[in-house]
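Engineer: Provided herewith is a single structure, encoded as structure tokens, for subsequent inquiry.
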Amino acid sequence: MSKKIKKSMVMVAIAAVIVLAGHTVAAQVSPPEQSLASLKSVPIPEPDNLGQFVKDKTAAIALGKTLFWDMQVGSDGLQSCASCHFHAGADNRAKNQLHPGPSTNFTSGTGPNYTLKPEDYPFHKLQNPNDRSSTVLADNNDITGSQGVDLTKFNDIIPGSAVDNVTVQPDPVFNVNGINVRQVTGRNTPSTINAVFNFRNFWDGRAQNDFNGVNPFGSRDKNAFLYKVATKQSSLQQVKVSLKNSSLASQAVGPPLSDVEESGTGRVFPDVGQKFNRVKTKKLPRETGKKLKFLPPLAKQLVHPEDSVLGKYSNWPQPGLKQKTYETMVKEAFKPEWWDSQQIIKVGTDGSRIFKQPQGALATDEFTLMDYNFSLFMGLSIQLYESTLVSDNTPFDQYMEGNSNALTSQQKLGKQLFEGKAKCVNCHGGAEFTNASVRNVRNERLERMVMGDNGVAVYDNGFYNIGVRPTQEDLGVGGKDPFGNPLSESRLAQNGKFNDPNLSPPISATERVAVDGAFKTPGLRNVALTAPYLHNGGQLTLRQVVDFYNRGGDFHETNIQNLDPDIENLGLSESEKDALVAFMNGLTDARVRNQSAPFDHPQLFIPNGHPGDQNSVTNDGSGKATTALLELPAVGRNGGSPLASFLENSAPAAAQSPTPVQPTSNPLEGSITQQDCPPNSTLQFVAGGYVCISN
């Protein structure tokens, strides 16, 4: 039963009476607030002022899909948004996917470029999986993340080149014998599928519901602004923008700025929150826009002629899109006041802006209006594309729509347990299977709850500490944004910087807040395809996850002050655990498994660690290790073969081409070329992909 404290008295039973700052509040035990339902019953969230920016929604979706999958976005000319979200919206790679956690020391026997194995899981091993107090056989604070880019310093774009001008920086963490390997993110990659229903995005909620057009932080960034014009000849006007229900747009402009995920470190905006106490700065999105103007969209990747969005533009059997540039795609999708100006914006080293008429080729510090506002175009177009990635046709959805045979008897028992004894629905509620949804959070941003230690605290709705790791290892929503403010809206309200009118009585300056170590509750559709699990990626199978919840978490006592009250011993039998796993398997949409529309995609070459292992790699001549690539073939609206799940296989499964390609010993020739390799190395085709081999 839920232990949230309600405002009304219309509840089943009163558990306690608590005095808060002079107010008497009834703490009541209630049934789940959000009943499970088909996702088809939920409208897709969208900003009500979208029409002020977007001229043609269909064109914007095409731009968003192109940007999401285009490898040219990354500083290395390889890394795209999709590089970490290609398998059911998540990541199934096993090599070079380990992050050392807060200690920056890898577990003995592992390290950078290590290949994960089933026996590595779970990261917290117990003699008795049903008893968190039993002997700990092994424990580590490593994280299964996603590999991004090597640590480099961004110098400038190279017009016409997908690879930026960067300088390799010695990496004290992600190196093998002093040779840099690709960095790995500090949290497990969540799925982009159904992410449109999240009120905030990222595990710690830093991608705000209101998109400011520039970065993930919404109204928190007081200096985020764009420019617009009334007419092409008009003077540029500085404006602040805000689009609600746009956490996907806020999220989308984060990775292209990240010097771990996609970018070399740049000239702007210090990233206070980065790990390892290294102060880093990032490349601005306007530099990404300036770069892409010179490059044909998806120039390295095949687009299936039956792609559900891009098929009509496909240049098959050659890579890219025909008769499309990023400039024309932006113009087709967005209103001209955001890109059509005769003036150039010159950005000074002190952040000042000077407007001028163009005189020849643009200098490094000069940008067109389209360049400058590129973060707006990228954020909104990717949001509109990802808004089409809605998985609402699972056996569960069919069952809730009246097909009583859509679930097996075991799955129906699992559903009963999910909604009852196992208490899953108390956090994974509603048609979205998450309390962090727009529908649930928008009218109740903050809540009071009796915590694991039986004390009352205010917390951010949809974010919970479930005892995965000790709280202080990763504060989650209890951390801070780059401006020094709490990510938690509960703490913001406590500081007088946020108000939730639905919290009654209002939070006081001294009232207890329980948000440290709390993370956004993910939705569960397609969860059978998205291993490993939890924010640290520390569980390999759904059965391991069920064992984790059945024993009341792994760090129950350590985290008790912030612990969700439903994290307790559940007393599930082995057959009940099996039923819960079976029910979660019934949350898989066949279209996601088979990569059919809207989950079809262009070809992608995915970095997959480096030839060698955690003990030895090959220097590419620049101080970085040679990169191995896997091919994810392009598929059209009818989909292809299911991809292997995490640790089932080391490479994505091949898909059938709709028409024969030119006979060659290398059918992928031309998509990745010699110019993509570092100096003093040669491109070679290997089984499953390419490597750049040092000469």
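Computed from the coordinates by the stated procedures, all read-outs in this text should not be read as laboratory data. Computed from a predicted structure; not experimentally measured. When we count neighbours, we look across all protein chains shown, and the Cβ atoms used for this are built from the backbone with ideal geometry, even at glycine.
Engineer: So what is Rg over Rh here for the chain, counting just Cα atoms and using Kirkwood for Rh?
Structural biologist: Here the Rg-to-Rh quotient is 0.96.
Engineer: For an R0 of 22 angstrom, estimate the FRET efficiency from the Cβ-Cβ distance between residue 242 and residue 388 and round to the nearest 0.05. Each step should come with its number before you reach the end.
Structural biologist: Values: r = 24 Å, r/R0 = 1.07.
For R0 = 22 Å, the calculated efficiency reads 0.40.
Engineer: Next up: Relative contact order for segment 393-590 using alpha-carbon pairs under 8 Å, separation at least 6, rounded to a whole percent?
Structural biologist: Reported as a whole number, the value is 31 percent.
Engineer: Moving on. Taking R0 as 60 Å, what FRET efficiency do you get between residue 49 and residue 136 from their Cβ-Cβ distance, rounded to the nearest 0.05?
Structural biologist: For residue 49 and residue 136, the calculated efficiency is 0.70.
Engineer: How big is the equivalent ellipsoid of segment 139-244 along its three axes, where each semi-axis is √(5λ) from the Cα gyration tensor, reported in whole Å from largest to smallest?
Structural biologist: Square roots of five times the eigenvalues give 34, 24, 12 Å.
Engineer: Would you mind pulling out the separation of the Cα centroids of segment 115-193 and segment 467-536, in Å?
Structural biologist: Centre-to-centre distance over Cα atoms comes out at 23 Å.
Engineer: Something else about it: Using the structure shown, select from 222/497; 222/480; 291/324; 65/244 the pairs with a Cα to Cα distance greater than 18 angstrom.
Structural biologist: 65/244
Engineer: With the convex hull built on the Cα atoms of segment 121-192, state its orientation-averaged projected area in nm².
Structural biologist: 8.1 nm²
Engineer: Counting other beta carbons within 10 Å of each Cβ, put 156, 397 in order, fewest first.
Structural biologist: Fewest-to-most ranking of 156, 397: 156, 397.
Engineer: Here's another thing I want to ask about it. Can you tell me how much longer the chain between residue 108 and residue 363 gets when fully stretched, taken as 0.36 nm per residue apart minus their C-alpha distance, in nm with one decimal?
Structural biologist: Working: separation 255, 0.36 × 255 = 91.80 nm, distance 4.90 nm.
Difference between extended and current length: 86.9 nm.
Engineer: Could you state the number of Å between the C-alpha centres of segment 537-580 and segment 298-338?
Structural biologist: What the calculation gives is 46 Å, centre to centre.
Engineer: What distance in nm lies between label points placed 7 Å from Cα along the C-beta direction at residue 472 and residue 352?
Structural biologist: 4.7 nm
Engineer: Using only the Cα atoms, work out Rg/Rh for segment 308-449, with Rh taken as the Kirkwood radius, to two decimals.
Structural biologist: 1.19
Engineer: Counting helices only, and only those DSSP H runs with n ≥ 4, report the 222 nm mean residue ellipticity of the chain as the sum of -39,500 (n - 2.57) divided by its residues, in deg cm²/dmol to the nearest 500.
Structural biologist: Numbers: 13 runs with 105 residues, N = 695.
Helix-only estimate at 222 nm: -4000 deg cm²/dmol.
Engineer: Let me ask another. At 0.36 nm per residue, and after removing the present C-alpha to C-alpha distance, how many nm does the segment from residue 318 to residue 223 gain when stretched out fully?
Structural biologist: So the extension gain works out to 29.9 nm.
Engineer: Which order do 119, 337 fall in if you start with the one that has the fewest other Cβ atoms within 10 Å?
Structural biologist: Ordered from fewest to most neighbouring Cβ atoms within 10 Å, 119, 337 come out as 119, 337.
Engineer: Please tell me which of these pairs span more than 26 angstrom C-alpha to C-alpha: 228/300; 117/300; 153/322; 57/312; 40/520; 117/421?
Structural biologist: With Cα atoms farther than 26 Å apart: 228/300; 117/300; 153/322; 117/421.
Engineer: Right, something else. Normalise the Debye intensity by I(0) for segment 393-590, one equal point scatterer per Cα, no solvent, then take log10 at q = 0.09, 0.13, 0.15, 0.18 Å⁻¹ and round to two decimals.
Structural biologist: Taken in order of the listed q values, log10 I(q)/I(0) reads -0.36, -0.73, -0.94, -1.24.
Engineer: Projected onto the charge dipole of the chain (+1 at Lys/Arg Cβ, -1 at Asp/Glu Cβ, origin at the Cα centre), which of 197, 616, 130 gives the Cα projection farthest towards the positive end?
Structural biologist: Projecting each Cα onto the dipole axis, the largest value belongs to 197.
Engineer: Continuing with this model, one more query. Quick one: compute the contact order of the chain, relative version, from alpha carbon pairs under 8 angstrom and 6+ residues apart, as a percent. List each step's numbers first, then the result.
Structural biologist: Working: 1686 pairs, mean separation 124.8, N = 695.
Once normalised by length, the contact order is 18 percent.
Engineer: Quick one: check the C-alpha center-to-center distance for segment 30-95 versus segment 236-253, whole angstrom.
Structural biologist: When both Cα centres are located, 15 Å separates them.
Engineer: Still on this structure: Label-point separation (nm) for residue 510 and residue 155, each offset 7 Å from Cα along Cα-to-Cβ?
Structural biologist: For the pair residue 510/residue 155, the computed spacing is 6.0 nm.
Engineer: Determine, from the Cβ-Cβ distance of residue 235 and residue 167 and an R0 of 30 Å, the FRET efficiency 1/(1 + (r/R0)^6), rounded to the nearest 0.05.
Structural biologist: Once the sixth-power term is evaluated, E becomes 0.20.
Engineer: While we're on this one: Remind me, relative contact order of segment 405-471 in percent, using alpha carbon pairs under 8 angstrom and six or more residues apart?
Structural biologist: Values: 47 pairs, mean separation 12.9, N = 67.
Relative contact order here is 19 percent.
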